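The values are calculated or read from the model by the stated rules, or taken from the named source; none is laboratory data. Here the structure is a predicted model, which means the values were calculated and not measured. Counting neighbours? That spans all protein chains shown, and the Cβs are built from the backbone with ideal geometry, glycine included. Note: accessible area is taken over every heavy atom of the protein model, side chains too, but ligands, DNA and RNA are not part of it. Shrake-Rupley method; radii C 1.70, N 1.55, O 1.52, S 1.80 Å.
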Amino acid sequence: MDEYYHHFLTSMSELGGGYLPSNPEESSMSTMPGYHVPVSGPMMQNPYHHLGHLGTYLDQSFLHASKAGKGKKKSIAGPTFGTDHVKHRRTRSGCFMCRSRRVKCDETRPICERCKKGNRDCVYPDPPTTKGSKSKDNNNTSAHKTSPKSSNEGEDADLDPLTNPLQTIPDEAEPGELSSGERSDSQLSGSKTTGSSDRNLTKRQSTDSLSPDGIKDPSPSVSTVGSSVTISPPIDLNIPTDGRADWSHLPLDYQHYLNYFVDNITSFHYSVMHDEDDFFGTILPSLAIQHEPLLNAVVGFATYHATLQNPNGELQGFLKYYNKSVTLLLESINRREIDNILNLITILQLLTIEEYFGDWVNLMGHQKAAFQVIRKIFKPDTVMLTPVGRACIDWYTRYDCYVAIMGGFPTDLPREWFNRMNEYNESQLGASPNELRWKISSRSTQLRSISYDMSVLYARGSRGQIGPQDFTKEHNRITSELVKWESTWNATLSVPEYLVTDFSYQRDVDPDDIVNPYVPGLLYKRPLFTNTLINTEWTSIMIMHLSQSSDIPAEKVFIEMAKHAYTICRHFETVEFWPLKPKGALIPLQPCISIAALFLPRDSRHQMWVRRKFALLDTMGFIHPTTRRIKMARLFRDPSCAHWWLPNDEGLTPVLQAIRTFADERNTAAVNAQHENLREVRHLFAKVEAAELALMAGNGGVGK
C-alpha cells in the first residue's frame, strides 16, 4: 500500500501545482512542534493555476496495486467468484499499469509495449536499494512517463480487467510480515520505526486508548522487518469526556476554523446519518489537534464550507490547508508510519473532500489506501469495540458499498466485516433493548449489509460469473430482504412522539412544485431524525436494485422506479423546508435525489424542479461532476445544464463558479472503465433509455 499511495499523494501534491507559500517564512512554518512542511518544487502551469491545484491522479494503476495479498494468502480485495485462470508469477519490476491490469509487462523502459499501444501512463516502481544505503539523488523518484498520444487503442478490448478479469497474483512472501489476523489489538500505530510522529500536543492529562476495554496497553507491540526488531508503541488518544478539546495553543486561523467546524459541521456533512458516539462533533476535532496531517485536512474542510458562505470568497485558503495535509501524509509514508489510526482518519477526511468535488478518480485512490490501513490496524472482531473504530468502519463502508454499487464492482471489504458490525449492534441492542441508538445502529448496518450483497451480485452479473437463472434468484432474494427491512424498520422505530406534526411554517402552494412536502408521517425530530434520511436512502437503494431486474419488462420497472422517485423528492423537500433541520441535513440525500431525477417525467416543470435541487446542492459545496452534468443536459434536452442548472446563471456566485471551474479541471478525464461507469452511472442511464423506448412504443406510461 505504501508504494502506490506514495505515488498517488506525490501526484496530488506536485502535479498541476500545489500550494506555494506566499512568503519565505511560511515555507518553514509548522502548526505543531516537530513537524516540518517541505515546499513543493516548480509547478506545472494549467488554465486555472491562479486557483492552485490539488493535482489530478494520472496513473490509475496505483489504485489497484495493493500489496496486502503478500505471500500465498488469498486475495482480500473482495470475494472470489469461482472463475478459474492460469496463474502467472508476477514480477516486482513490471510497470504499475500492467500489474494493476493483471497482464504481463515486457518491462521495456521508459514505456512498455502494452502501455505504448494502449496510450496509457507507464510508471515503474522505484528501484530497490540495499539495506542501509542512501540515495545519492534526492530526486530519484519514479518519474511519470506519459506515453505518446495515439489513436490506436485496439488492444484495450480484450485486456480490460472488467470484461476479461484475471485474479490477483500475490507476490512472494516477505519474511517477518504479520497478517492482519496476527496483529495484536494494541498495534494500531503500525510504525516500523522507533518512536511515533503522532505527538501529544494538548495540555490535557486524561487519555483514551484504543484498547477494547478502554485501558492503555502497557506493553508496546513488536514488529519484525527482516532481521531487525523495532518497537511500535500504541497511540494514546486524548479524547475529552466533557465539552470540546483545548486548541488555544494553535495559531489563530486554526482556532477560528476549528471553532467553525464544531459550530457548523455535523456528521451529515460526511453523509453519515447516525453518529451515536458524537464522533464528528467531539472526537474528530480532538484527534485533529494531535496529528498535523489530520488537523490540516479537518481545518481545510471547515475552510471550504466557510468560504462558500462568502459570495466573493477565494479557494486559496482551503487549498493551503488541503495541500499541507497531503504533504504531511506523504511524509508519514516516507517514514513508514502510514498504518495508524490517525492517518486512517486523515485519509477518510481527504476522501470526503474528493466526494464534494465530484472527483471519483482521487476519491477511489484514497478509498483503496483506507482499505489497506483498516485491514492492517483492525480486525473484524475488534473494529467495533471503540467509538473511533465504529466511526471509521461506518465512514469507510459507506463509500465501499456506494462506490461498488454505482460502479458495478464488488466491495473491497469481505462479508465478514459486515457480519461483525451486525453482530455487535445486535448484541448491544440485546443488552439495552430500549436504547434508540442501538436500534438505529442495528437497522443501519443491516441495510449496509444488503448493499454489500447487491454489489457482489451486480459485479458477478456484469462479469458473466453467474447465469441468468441464478442471477434472478439472488436478485429476488435481495428484493425480499429490502422489503423485509422496510417493514421491520417501520415497526421498530416509528415512534409517534417524535413525528413532526406542526407545519405552521408551510408555504403557499407553488404551481411549479411536483410533491407535497407537508405530509404527516415523513419527518421525525431528534433523536429519530435519522429515520427520514435512512428511509430515503432505502428508497434510492430500491431504485438501484430495480434497475438491475432481468425478468421484468423495462417499462414496468420504470413505472415502479418512478413511484420511488417521487417518494425521494417528497422526502428531500420535506427536509429542505423544515426550519429546524440539523445543519448539513440535505447532504446525505444528494445521491438519492440524483438517482430519482432520472425517473421523473421529462416535462419542463419536473426538469426545472430537479435543476433547482441540483443548484441548491452545488451551493452547499457538493459539486456535480462534469460528465454527470453533460448526461443530464442530454436527458433534459437543454445544453445549458452542462454549464449551470438555472437560467441566466441564477445563484452562481463568483466563489461557486471558481469552485466548479476548479472541480471541472480536476475531472477532465476518467482513464478506466470503472471510473467512467461510476461517474456516469451508465447502467441507470441505460435503464432509462430502454424504458423510454418501450414507453414510446405504447406499452405504458409514467404518472405522478
> Can you name every residue in the range 387-408 that is in contact with a Gly (Cβ under 9 Å, 6 or more places away or on another chain) and open to solvent by 10 Å² or more (accessible area, probe 1.4 Å)?
Replying inline: GLY408
> Inside the range 527-575, can you point out the residues that are of a type in the set (S, T, N, Q) and either modelled with pLDDT of 95 or more or not in a loop (DSSP other than H, G, I, E, B) (or both)?
Replying inline: THR530, ASN531, THR532, ASN535, THR536, THR539, SER540, THR567, THR574
>> Step by step: first the residues of the range 403-441, then only those that are farther than 14 Å from ALA391 by Cα and hydroxyl-bearing (Ser, Thr, Tyr), then the one that is farthest from the chain's Cα centre (by Cα). Which residue is that?
In response: SER432
> Restricting the range 546-594 to residues that are in contact with a His (Cβ under 9 Å, 6 or more places away or on another chain) and hydroxyl-bearing (Ser, Thr, Tyr), which is nearest to MET632 (Cα to Cα)?
Replying inline: SER594
> For the range 585-596, what are the residues that are under 9 Å from ILE568 (Cβ atoms) and not β-branched (Val, Ile, Thr)?
Replying inline: LEU589, CYS592, ALA596
>> Within the range 455-467, does at least one residue satisfy the condition of being open to solvent by 40 Å² or more (accessible area, probe 1.4 Å), of a type in the set (Ser, Thr, Tyr), over 15 Å from GLU573 (Cβ atoms) and in contact (Cβ under 8 Å) with a residue 24 or more places away in the chain?
In response: yes
> Of all residues in the range 224-270, which are surrounded by 14 or more Cβ atoms within 10 Å (Cβ to Cβ), of a type in the set (Gly, Ala, Ser) and modelled with pLDDT under 95?
Replying inline: SER232, ALA245
>> Please count how many residues of the range 591-606 are of a type in the set (S, T, N, Q) and at pLDDT 95 or above.
In response: 0
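Here's the yes/no breakdown for (1) among the hydroxyl-bearing types (Ser, Thr, Tyr); (2) open to solvent by less than 10 Å² (accessible area, probe 1.4 Å); (3) touching a residue at least 40 places away in the same chain (Cβ under 8 Å); (4) part of a helix (DSSP H, G or I):
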{"residue": "GLN290", "(1), (2), (3), (4)": "no, yes, yes, no"}
{"residue": "PRO311", "(1), (2), (3), (4)": "no, no, yes, no"}
{"residue": "GLU314", "(1), (2), (3), (4)": "no, no, yes, no"}
{"residue": "PHE318", "(1), (2), (3), (4)": "no, yes, no, yes"}
{"residue": "TYR322", "(1), (2), (3), (4)": "yes, yes, yes, yes"}
{"residue": "SER332", "(1), (2), (3), (4)": "yes, yes, yes, yes"}
> Which ones in the range 115-134 are open to solvent by 70 Å² or more (accessible area, probe 1.4 Å) and modelled with pLDDT of 75 or more?
Replying inline: LYS116, LYS117
> Taking interchain pairs and intrachain pairs at least six residues apart, which have beta carbon atoms under 6 angstrom, with the first residue in the range 365-380 and farther than 12 Å from ILE345 by Cα and the second among the hydroxyl-bearing types (Ser, Thr, Tyr) and surrounded by 24 or more Cβ atoms within 10 Å (Cβ to Cβ)?
Replying inline: GLY365/TYR57
> So is PHE261 assigned to a helix (DSSP H, G or I), touching a residue at least 12 places away in the same chain (Cβ under 8 Å) and under 18 Å from the mean Cα position of the chain (by Cα) or not?
Replying inline: no
> So THR303 fits all but one of (1) part of a loop (DSSP other than H, G, I, E, B); (2) open to solvent by less than 10 Å² (accessible area, probe 1.4 Å); what number is the exception?
Replying inline: (1)
> Which of the following residues is under 15 Å from the mean Cα position of the chain (by Cα) and more than 27 Å from ASN259 (Cα to Cα): ILE374, ILE393, ILE345, ILE338?
Replying inline: ILE374
>> Suppose we filter the range 475-502 for residues that are out of contact with any helix residue (DSSP H, G or I) (no Cβ under 9 Å at 6 or more places or on another chain) and in a loop (DSSP other than H, G, I, E, B); how many remain?
In response: 2
